[in-house]
Amino acid sequence: MHVDRVPNLYKSVDAFVLPSKGEGWGRPQVEAMSMELPTIATYWSGPTEFMTYDNSYPLNYSRLEPVDDSAGPGTKGHKWVLPSKFHLRKLMRHLVDNPEEGRMKGKQARQDLINNYSVERVSQIVNDAVSKAVSNFVVSRPTVQEPEPPKESQKDSQNQLPGSP
């Protein structure tokens, strides 16, 4: 699907549901939440940064398990979660029975994303962090004073020729 059609896809549904084993940041959740969709998604990894009980339906997981070899290179030793099927059914049923609550959470989700993750807000966060880092590395240095010229010794002044400085 071309990226230009994604907003229409989100507009055509009543909710967004993603019971995944793991996410990086959670772009699909952010997209859905920014479109004011009630969102049910696994509460694990990146999405824990922006999903709350006020703006979404965080899905519990039943356990952690090692990532299997089919996930690709670089995953040895990693773990992912198994979303709770029981909790997923419960959240989906709750959302069907309480559509107005879902709409309110969707509106809150969009507002939270704007307040915390808009370009302007993230730029301010980065600017503040860089300013703090720079100020931590700036060492106040003492003022350096020019050394005084050596004092002319009496012997040197007696050896000077007339008219010489």
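Being surrounded by fewer than 14 Cβ atoms within 10 Å (Cβ to Cβ), modelled with pLDDT under 95 and small (G, A, S): is that true of G77 here? Taking the combined requirement at face value, the residue satisfies it.
Just to confirm my filter: which strands (runs of 3 or more DSSP E) fall fully inside segment 1-72 and include at least 1 residues that are free of Cβ contacts under 8 Å to residues at least 40 places away in the same chain, among the small types (G, A, S) and farther than 18 Å from E101 by Cβ? Correct list: 61-66.
State yes or no: is S45 small (G, A, S), modelled with pLDDT of 95 or more and surrounded by 14 or more Cβ atoms within 10 Å (Cβ to Cβ)? Against the criterion (small (G, A, S), modelled with pLDDT of 95 or more and surrounded by 14 or more Cβ atoms within 10 Å (Cβ to Cβ)), S45 does not qualify.
Annotation note: of R5, R89, R103, the sole residue that is more than 28 Å from N116 (Cα to Cα) and either at pLDDT 95 or above or more than 23 Å from the chain's Cα centre (by Cα) (or both) is R89. Screening S131 against (1) closer than 30 Å to N8 by Cα; (2) assigned to a helix (DSSP H, G or I) leaves a single unmet condition, (1).
The values are calculated or read from the model by the stated rules, or taken from the named source; none is laboratory data. Predicted model, so just to flag it, every value in this text is computed and none were measured. So basically every Cβ, Gly included, is an ideal-geometry build from the backbone, and we count neighbours across all protein chains shown.
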